[in-house]
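Here the structure comes first, spelled out in structure tokens, and everything after it is commentary.
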Amino acid sequence: MRAAVLHPGGGPSLDLRDDVTALGPDEGEVKIQIKATGVCHSDLSVVAGGLPSQGTMIVGHEGAGIVREVGRGVTGVQVGDHVVVNWIPACGRCPDCVNGESHLCMTHMSDLFGKARFAVGETPAFGMAGTGTWAEEIVVPWEAAVRIDDDIPFEYAALLGCGVSTGVGAAVNTARVRPGSTVAVLGLGGVGLSVVQGAAIAGAARIVAVDPNRSKHGVAMQLGATEVVVPEELRATHDAVTQGRGFDTVFEAVGRSATIQAAWDVTRRGGDTVIVGAGAADDLVQINAFELLFRARNLLPSVYGSSDLRRDLPLLVALHRQGRLDIESLISRRIRFDELNDAVSALEKGDVIRQVVLF
Ligand code: APR
Ligand code: ZN
Ligand code: ZN
């Protein structure tokens, strides 16, 4: 089958091959035929080397498709089910899952690199985040396959597997944005625009959306932002909207220390700076110790939007059906598998929001 392969040592470009095999399913695993997969900034970070890769890797983690085979002992999903790929599958048994924080579950994440679920010719290969959705077929633990209604288009289901659930979840689950509150969102890609929608769903009174790329501004307004500015204008807008007190909740959806700092600087005393972007391990954020205590802001990490996809997906689908969660506006282009390298460069240039490969 076809799959996008990243060789050891990384990019700059992907090897788009047709001799890849998905191995299994073993006990507790399922094989999914991928029908649609998105291009998220984290994929770009893996290809460019900002996020780690290991060995030979199949890239992609935002996908949806149809269950084609189930391994021994799988009862949670069936052959023929339409499913969203969950890249933090919850085991349901560890202390984090039992505490209701299944987005922190490491049961499957910790063996990600332990198990090669692909072969590229004769070479064993790993799937990005244990998935590897830039492939026609993947094998994952059954918990990573979350059933979705058959009438939801696969490209929407794919985006629900990362960008949309991460962004909406950051607002609704991690920050619990309150009705009437003031919010700022830094970074208006597929993730940040989903944060904007989540904040609007939660009833925020003011949603200031920030991006240097003005081509993202129109869609942000359409999705619920009350004002949209470039970063240089954030300070003045902060003064006007919050009378200089700071926003109740500020989301960083870029993945860089400089924007985390900027988000922190416009958060009010007692407010929340929410980290949604995935930054690099060598990019250090500096906050002085005095401020850390006396300016009394909270730094909240939002891993995967604190989502439990089995719990949250029905809610997201319901919001979508009610016309309150717009997924179509996040899709800039539908592309073919052989256009993936172009798609990665287009995301890097910032010209697009989500691009979706349709198999
Ligand atoms: N201030 C605000 N926005 C910025 C800034 C800045 N200083 N610099 C860049 N941006 C904007 C870009 O112009 C772009 O619109 O951030 C946006 C990032 O969007 P995408 O590249 O589409 O990224 P996305 O897929 O939304 O992911 C965002 O979340 O999951 C993580 O790894 C992912 O760290 C990444 C982040
Ligand atoms: Zn668990
Ligand atoms: Zn992603």
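Assuming 0.36 nm per residue, please report the length gained on full extension of the stretch VAL285 to ARG245 beyond their Cα-Cα distance. It would help to have the intermediate numbers written out before the result.
Numbers: separation 40, 0.36 × 40 = 14.40 nm, distance 2.26 nm.
Stretched out fully, the VAL285 to ARG245 stretch lengthens by 12.1 nm.
For the pair the stretch 322-353 and the stretch 76-107, the centres of their Cα atoms are 27 angstrom apart. Ordered by the number of other Cβ atoms lying within 10 Å of each residue's own Cβ, fewest first, ARG333, ARG268 fall into the sequence ARG333, ARG268. Taking the alpha-carbon centroid of each part, what is the distance from the stretch 1-48 to the stretch 295-315 in angstrom? Here the answer is 26 Å between Cα centres. Pairs of Cα atoms nearer than 8 Å and 6+ residues apart set the relative contact order; for the stretch 21-175 it is 34 percent. Database remark: amide H of SER53 closer than 5 angstrom to no amide H (H placed geometrically; neighbours at sequence offset of 5 or more, or on other chains; Pro and chain starts carry no H). Shown is the FRET efficiency for SER329 and ALA48, computed with R0 = 25 Å from the Cβ-Cβ distance and rounded to the nearest 0.05: 0.40. Toward the positive end of the charge dipole of the stretch 216-359, with +1 on the Cβ of Lys and Arg and -1 on the Cβ of Asp and Glu, the farthest Cα among GLN286, ILE331, GLY270 is that of GLY270.
Calculated FRET efficiency, ARG311 to ARG93, Cβ-Cβ distance, R0 = 22 Å: about 0.85 to the nearest 0.05.
Net charge near VAL20, counting Lys/Arg +1 and Asp/Glu -1 over other residues with Cβ under 12 Å of its Cβ?
On the way: positive: ARG2, ARG17, ARG117; negative: ASP15, ASP18, ASP19, GLU122, GLU136, GLU137.
My count for the surroundings of VAL20 gives -3.
Neighbours of GLN243 by Cβ distance under 14 Å: Lys/Arg scored +1, Asp/Glu scored -1, total +3.
Compute, for the chain, the length of the dipole vector about the Cα centre, with Cβ point charges of +1 (Lys, Arg) and -1 (Asp, Glu) only. Units Debye, rounded to 20. The calculated dipole for the chain is roughly 920 debye. Figure legend: label point modelled 7 angstrom from the Cα of LEU23 along Cα→Cβ; residues of the stretch 54-70 with amide N under 18 Å from it are 54-59. Karplus-based coupling profile of the stretch 83-93, in residue order and whole Hz: 9, 9, 7, 9, 8, 10, x, 8, 6, x, 10, with θ = phi - 60° in 6.51 cos²θ - 1.76 cosθ + 1.60 and x standing for Gly or Pro.
Residues with beta-carbon under 13 Å from that of PRO124, excluding PRO124: net charge, scoring Lys, Arg +1 and Asp, Glu -1?
Residues near PRO124 contribute +1 overall.
Each 10 Å bin from 0 upward holds the following percent of the Cα-Cα pairs of the chain: 6, 26, 34, 23, 9, 2, 0. Taking label positions 7 Å along the Cα-Cβ direction at both ARG214 and PHE294, the computed distance is 4.1 nm, reported to one decimal. Sequence-distant contacts, meaning Cα pairs under 8 Å at least 6 residues apart, place the relative contact order of the chain at 17 percent.
For every helix of n ≥ 4 consecutive DSSP H residues, a contribution of -39,500 (n - 2.57) applies; sum these over the chain, divide by its total residues, and give [θ] at 222 nm rounded to the nearest 500 deg cm²/dmol.
Value at 222 nm, helices only: -7000 deg cm²/dmol.
With θ taken as phi - 60° and the Karplus curve 6.51 cos²θ - 1.76 cosθ + 1.60 applied, the whole-hertz 3J(HN,Hα) list for the stretch 189-201 is x, x, 6, x, 5, 6, 5, 4, 5, x, 5, 5, 4 Hz, x standing for glycine and proline.
Bear in mind these aren't lab numbers, they're just calculated from the coordinates by the rules spelled out. Please read all numbers here as calculations on a predicted model, not as lab measurements. Using ideal geometry, Cβ is built from the backbone for each residue, glycine included, and neighbour counts are taken over all protein chains shown.
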